[in-house]
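Computed from the coordinates by the stated procedures, all read-outs in this text should not be read as laboratory data. These figures come from a predicted structure and were not determined experimentally. Cβ: placed from backbone, ideal geometry, glycine included. Neighbour counts: every protein chain shown.
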Amino acid sequence: MSITLHKGDLPDGLTLGPLVAIDSETMGLNPGRDRLCLVQLSSGDGTAHMVQIGQGQTSAPNLGRMLTDPATTKLFHFARFDIAMFKQYLGVTTAPLYCTKIASKLTRTFTDKHGLKDLCKELLGIELSKQQQSSDWGAVELTSEQLAYAASDVLYLHRLWEKLDGLLVREGRRELAEACFRFLPTRGQLDLLGYEDPDLFHH
Ligand code: MN
């Protein structure tokens, strides 16, 4: 597995193709409290690029350009959280995007297991280790174990996308999924405004 770590932003001129798998690591699950620490990206070729975001950093121009590029679909698992973090800490609205968790929930209605680890195991036969999930992502020097874990969160998304997109077509829910993906930036903004709990759409 090849991992390239960048400090602060992607290098000039790096292109990762029309479908880029993206994940992020943070200090916690509260976007208003917990800062963005690392953004992982992969073109789907088995390698990963990572951008370490410094304390107090408020933008990353090259990364931001990719996140907002209309010709690049950003592929996530549970996009809702990552894009709220990108809005909060990089000031960008991520679009267009695709979320494998939503694709799974819309098609694999026979199960309630839609975690990345579950999907990798059930759709690809790959065992993901979640050991480093709750480690200190704010460390100035990340360990090789942390980097390998962080990379594994983006390396299989293209293969999952292929399977899940096929299921969306088979079940006649691709357009519904697209409508959900288009709405996600708004959903992320609502989360940042505090409309998460109780949910805006709740009675
Ligand atoms: Mn992750």
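Specify the residue with the greatest mean-square fluctuation among GLY17, GLY64, GLY54, computed from a Gaussian network of the chain linking alpha-carbon atoms under 10 Å apart.
Judging by the Gaussian network model, the answer is GLY17.
How big is the shadow of the Cα convex hull of the stretch 54-126, averaged over all directions, in nm²?
6.1
Dimensions of the stretch 8-112 along principal axes (Cα, Å, largest first)?
So the three principal-axis extents are 43, 32, 24 Å.
Can you sort GLU122, GLU145 by how many other beta carbons sit within 10 Å, fewest first?
Going from sparsest to densest Cβ surroundings: GLU145, GLU122.
Sort THR107, THR100, THR47, THR15 so that the residue with the fewest other Cβ atoms within 10 Å of its own Cβ comes first and the one with the most comes last.
THR15, THR47, THR107, THR100
Multiplying the sequence separation of ALA139 and ILE126 by 0.36 nm and subtracting their Cα-Cα distance, what value in nm do you get?
Stretched fully, the ALA139-ILE126 segment lengthens by 1.8 nm.
Given the Cα atoms of the chain, and with Rh set as the inverse mean 1/r over their pairs in the Kirkwood sense, what is Rg to Rh to two decimals?
0.94
Considering only the other residues whose Cβ falls under 11 Å of the Cβ of TRP137, what net charge follows from Lys and Arg at +1 and Asp and Glu at -1?
-2
For a footprinting-style exposure proxy, rank VAL154, VAL169, VAL20 by other Cβ within 10 Å, fewest first.
Fewest to most other Cβ atoms nearby, the residues stand as VAL169, VAL20, VAL154.
In Å and from the alpha-carbon atoms only, list the Rg and Dmax of the stretch 132-203.
Calculated on Cα positions, Rg and Dmax stand at 17.5, 47 Å.
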